[in-house]
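Below you'll find the structure, written out as structure tokens, and then a few comments.
The values are calculated or read from the model by the stated rules, or taken from the named source; none is laboratory data. Since the model is a prediction, treat every value here as computed from it, not as a measurement. Here Cβ is always computed from backbone atoms with ideal geometry, including for glycine, and neighbour counts include all displayed protein chains. Each accessible area value is taken on the protein alone, full model and side chains, heavy atoms only, with ligands, DNA and RNA left out. Shrake-Rupley method; radii C 1.70, N 1.55, O 1.52, S 1.80 Å.
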Amino acid sequence: MKKEDQSYLYLILIHLIIGVVVFLLPFTAKIYGYSIFIFGVIYIIKNQNRNNEVLIAAAYVVGSEVFLRMTGGNPLYEISKYGVMSFILMGMYYSGFSKGAVPYWIFLLLLVPGVVMSAFVLNFDTNIRNAIAFNISGPVCLGLASLYTFRRKIALEEINTILLSMGLPIVTCMVYLSLYTPNVQEVITGTESNFQTSGGYGPNQVATVLGLGMFIFFSRLILDSKTKFQIIINLIIALNITYRGMVTFSRGGMITGFLMIVLLVVFLYFKSNYTGKVKLNYIIMLLVFAMLGTWAYTSFQTGGLIDKRYANQDAAGRVKASQFTGREDVAQNEINTFLKNPVFGVGVGKGAEVREDETGIQVLSHDEITRMLAEHGALGIVGLLILFFTPLVLYLENKFNMFLLCFVAFWFLTINHAAMRTAAPAFVYSLSLLNVRLAFNRSGKSD
């Protein structure tokens, strides 16, 4: 076996073992969780961020977040977002931030009025600090990370390393889920999102990270598999993550991951020469057969219920009245709140209180777009426009970044069904702003 194959296999095996150990000895989840942050700091300080180590460390935090929440390994619920922000600030200390990132300074400033308002309008018995932090940590994490990544030059090989760092703890999560629910036939009886196949945790967040993992390892299969051994390993991992994601019965994350793969393949196809297109044709055929095979196996294991889930049917085959499990009602409520408070909104965290007063139901938003409208008003609209159009402008400047559209799509689709519950959409979005080059020579100039 080649040395590079051995190194890759050891990385995968280590994370397979972590998943097994955490399942057998649950207390080790906390050891794993604390170790990530401790070794992340040591790793950055030791290397002084010479090769964007902050992005590698932050990516690992993002990939491990849902697994640690699932297993109780996170010391605080929002610790991953703060961990990413801390690492990014360390990166700024060693390597500075982009002086041209004016759009993201503006974005962060646009958040301030909503935060100030919330201190005055939130209910007396509300924990103001927690309410603000829960809703604003995601956007702030995105803004800070974007200040660091904006037009920062980076080699394609480094991007692949960052994605691998994000994908490895998702492999750990996949193993844990396989052990938690070895026989899905016993626990799947309907077409609703399933907590048992999601490790006892929220299926929406689990499917989101598994969909991201599916994309990461399919992208490695296409772009960074140097040997046949690595092709086989990446394919096996990608298909297992796909299967585990589908049996959560949460559709948003898996559809997002699939669309990311489609965007990547289409981009590569149009950028390739004739020889490259011929190779891609074989890869596309492999991916199609692999996905169809995984779907067929999932359908068999779930007694055809997965087919009904994606057809928006219940177990009896009747079409459900709502495709979004009631989330459209929450979104509509937030739009109405925005129309009543169009300039500054109602303040960060106040949207949920307004909704409870009007409907009597206590439910948090799953849509970051409508939440921004309701809680930040017109300033939220401006902020969202900045986030949407800035990477597209960068794409016109640097059309080599094959991941740019994939990352923006992940951010946009994820915040529409899972808001910014996790650090993933914020961090992945920031990666779309990197100025990707094929390679760098020793002088630091792109080749």
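Which order do peptides 340-350, 143-153 fall in by mean Cβ count within 10 Å, highest first?
Packing order, densest peptide first, comes out as 143-153, 340-350.
Using +1 on the beta carbon of Lys and Arg, -1 on that of Asp and Glu, and nothing else charged, what's the dipole of the range 1-145 about the Cα centre, debye to 20?
For the range 1-145, the charge dipole is close to 260 debye.
Listed highest first by mean packing, meaning other Cβ atoms within 10 Å per residue, what order do 245-251, 23-29 come in?
Those peptides, ordered most packed to least, come out 245-251, 23-29.
Run down the lysines and flag those whose C-alpha is under 16 Å from the C-alpha of residue 308, throwing out any fewer than 8 positions away in its chain.
320
Please give the peptides 82-88, 400-406 ranked by average Cβ packing (other Cβ atoms within 10 Å per residue), highest first, as a rough proxy for protection.
82-88, 400-406
Checking the cross-link filter: which aspartates and glutamates have an alpha carbon closer than 18 Å to that of residue 228, excluding same-chain neighbours under 8 positions apart?
Result set, ordered by chain and number: 4, 5.
Working only with C-alpha atoms, what are the Rg and Dmax values of the chain, expressed in angstrom?
Here Rg and the maximum Cα pair distance are 21.6, 67 Å.
If you average the sequence gap of Cα pairs under 8 Å that are 6 or more apart and divide by the length of the chain, what percent do you get for the contact order?
21 percent
Apply the Karplus parameterisation 6.51 cos²θ - 1.76 cosθ + 1.60, with θ equal to phi minus 60°, to every residue of the range 168-182 and state each ³J(HN,Hα) to the nearest whole Hz, in sequence, with x for glycine and proline.
After applying 6.51 cos²θ - 1.76 cosθ + 1.60, I find 4, x, 5, 4, 4, 4, 4, 5, 4, 5, 5, 6, 5, 10, x Hz.
Which one of 165, 336, 138 is farthest out on the positive end of the charge dipole of the chain, using unit charges on Cβ (Lys, Arg +1; Asp, Glu -1) and the Cα centre as origin?
Farthest along the dipole direction, towards plus: 165.
Taking H as built 1.01 Å from N, whose amide H comes closer than 5 Å to the amide H of residue 153, not counting residues under 5 places away?
When sequence neighbours closer than 5 places are left aside, the close amide H contacts are 435.
To the nearest 20 debye, what is the magnitude of the charge dipole of the chain about its Cα centre, counting +1 on the Cβ of each Lys and Arg and -1 on the Cβ of each Asp and Glu?
Using Cβ point charges on Lys, Arg, Asp and Glu, the chain gives about 1460 debye.
Determine the calculated [θ] at 222 nm for the chain from helices alone, applying -39500 (n - 2.57) to every DSSP H run no shorter than 4 residues and normalising by the residue count; nearest 500 deg cm²/dmol.
-24000 deg cm²/dmol
When the Cα centres of the range 122-189 and the range 307-371 are compared, how far apart do they sit, in Å?
So the separation of the two Cα centres works out to 22 Å.
Any idea what the alpha-carbon Rg over 2.2 N^0.38 Å comes to for the range 113-243?
1.42
Rounded to the nearest percent, how much of the accessible area of the range 64-165 (1.4 Å probe, protein heavy atoms only) is carbon and sulfur?
Reported share for carbon and sulfur atoms: 67 percent.
Which whole-number value in Å² is the accessible area per residue of the chain, probe 1.4 Å?
44 Å²
Select from the range 42-84 those trypsin sites (Lys or Arg not before Pro) which occupy a DSSP coil region and have at most 10 other Cβ atoms within 10 Å, ordered by residue number.
50
Check cross-link reach from residue 340 to the lysines: straight Cα distance under 18 Å, and skip same-chain residues fewer than eight apart.
350
Apply the Karplus parameterisation 6.51 cos²θ - 1.76 cosθ + 1.60, with θ equal to phi minus 60°, to every residue of the range 147-159 and state each ³J(HN,Hα) to the nearest whole Hz, in sequence, with x for glycine and proline.
After applying 6.51 cos²θ - 1.76 cosθ + 1.60, I find 4, 7, 8, 3, 6, 6, 6, 8, 7, 4, 4, 5, 4 Hz.
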